[in-house]
1. Explain nothing, just the number: dipole magnitude of the chain about its Cα centre with +1 on each Lys and Arg Cβ and -1 on each Asp and Glu Cβ, in debye rounded to the nearest 20.
2. Would you mind checking the pairs Lys119/Lys141; Lys86/Lys169; Lys36/Lys95; Lys149/Lys298 and listing those with alpha carbons more than 29 angstrom apart?
3. Need one number: % antiparallel among DSSP beta bridges in the range 202-260, to the nearest 5.
4. As a test, work out the antiparallel percent of DSSP beta bridges whose residues both lie in the range 161-307, rounded to the nearest 5.
5. With everything on Cα atoms, drop me the angle between helix 230-241 and the longest principal axis of the chain, reported from 0 to 90° to the nearest 10.
6. Just the C-alpha atoms of the range 161-250: what Rg/Rh do they give, with Rh taken as the Kirkwood radius?
7. Quick one: Glu52, Glu66, fewest Cβ neighbours within 10 Å first, how do they rank?
8. Tell me the angle of helix 64-77 to the major Cα principal axis of the chain, expressed in degrees between 0 and 90 and rounded to the nearest ten.
Amino acid sequence: MTRDTSHSTHTATDDDRNRNIKIYVNGDIVHRDEAKVSVYDSGFMLGDGMWEGMRLYDGTWAFFDEHMDRFFNSCKSVSLDVGMDKAGIAEAMRKTAEANGMTTDVHCRLMLTRGVKTKPFQHPGLSQSGPTLVIIMEHSKPVEALQSKGIRLATVPQVRGLPMAQDAKYNSHSKLNCVIACLQAEQAGADEALMLDPYGFVNTTNACNFFIVRRGEVWTSTGDYCMNGVTRQKVIDLCRTNDIPVFEKNYSLYEAYGANEAFLTGTFGAQTPVAAIDGKPIGSDERPMTKRIQTLYKALIKEEVSR
Ligand SMILES: Cc1ncc(COP(=O)(O)O)c(C=O)c1O
C-alpha cells in the first residue's frame with residue numbers, strides 16, 4: 001500500500017543508540033539481543049499480562065504514581081501478583097535507566113506477565129514460577145510531522161466495548177482488539193482508527209484517547225469504554241483549573257466531523273493533532289485550543305520534574 005504520509009501516533013525519530021540498549025528481564029539487565037522470554041510465557045502464549053508506557057523527562061518519570069495506580073489496580077483485578085511493590089518497580093526502572101545512561105527523552109514499556117507455564121494451555125494455574133517482568137527503555141522523541149501534519153483517522157467497525165467482555169481500562173498485553181482496529185483504519189487509507197462505543201458514540205482511538213474542540217469547549221467521551229489514560233485525565237484537570245469548559249459526554253460522528261479541532265492524548269505524544277476523520281479535514285492548521293493545552297501540559301511536566 002502506498003501512503004502519502006507514513007506515521008502513526010507512536011512514530012519516533014530514528015536513534016542509533018537504541019540498537020544497543022539494555023533491557024531488564026526478571027532482575028537481569030542485558031543487551032537487547034540477549035533479552036529473551038520463554039515460548040511458554042503466558043504473555044507470549046495468551047497475551048496474559050499488563051503493561052504501562054511511561055516517559056522520562058529530565059530524570060523524572062512523569063506521573064509515575066498515576067501509572068503505578070493503574071498498573072497495580074489492573075494486576076489486582078486479574079489476580080496477577082506483581083511480586084514487588086511500587087518502590088520495587090521504581091528501583092528496577094532506576095537501574096535500567098542507569099545501565100543505559102538515560103536521563104531524558106526516554107520511553108519505557110514496563111511489562112508484567114503471569115510467567116512461564118508448565119503446559120501450553122490457558123489455565124492461569126499453569127503459571128507456577130512467578131511473574132515475568134520486562135522493562136524496555138528506548139531513546140525516543142515523537143517525529144515533528146505528528147505536529148505539522150497531524151494524524152488521519154478512519155472510523156472502523158471494531159469497537160472498544162462493554163466492561164464484561166474485556167474492560168477497556170485494562171492495559172493488557174493482548175491488544176488484538178486495537179490491532180484489528182488499526183488494520184481496518186490502515187486498509188481505509190488512514191493512520192489510526194477512531195473507535196466508537198457499543199452505542200455508536202465517538203469513543204477513543206486504537207492507541208490514544210480522543211478529544212474534540214467545539215466553539216471553545218473541549219469534549220471527550222464519557223470514559224466508560226476507553227482506557228483511563230493518564231494524559232487524558234491530566235488534560236481534563238488542566239482544562240478545569242484553567243477555566244476551559246470541558247465535558248466528558250456522549251457525542252456522535254456528526255459533532256466530531258464538525259469540530260473546530262481534534263487531538264489525541266497519550267504518554268508518548270502528549271497531545272497530537274488530528275488532521276482528518278474519514279477523509280474530512282478537521283478545522284484549520286491554527287488549532288488554538290490544542291496549542292493552549294499543549295503549552296499548559298508542558299508547564300505541568302516542568303512542574304512535575306522540579307518537584
Ligand atoms: C488504547 C489506549 N488508549 C489510550 C492510551 C493512553 O494512555 P496514557 O495517557 O496513560 O498513556 C493508551 C496507552 O497505553 C492505550 O493503549
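What follows draws every value from the coordinates through simple rules; no lab data is involved. Computed from a prediction, not measured in an experiment: that's the story for all the values here. Note that we place each Cβ from the backbone using ideal geometry, even for glycine, and neighbour counts take in every protein chain shown.
1. Roughly 160 debye, rounded to the nearest 20.
2. Lys119/Lys141
3. Working: 5 of 8 bridges.
DSSP beta bridges in the range 202-260 are roughly 60 percent antiparallel.
4. Bridges in the range 161-307 that DSSP calls antiparallel: roughly 85 percent.
5. The two axes meet at around 40 degrees.
6. For the range 161-250, the value is 0.99.
7. Numbers: Glu52 22, Glu66 17.
Result, fewest neighbours first: Glu66, Glu52.
8. Taking Cα atoms only, the helix is inclined about 70 degrees.
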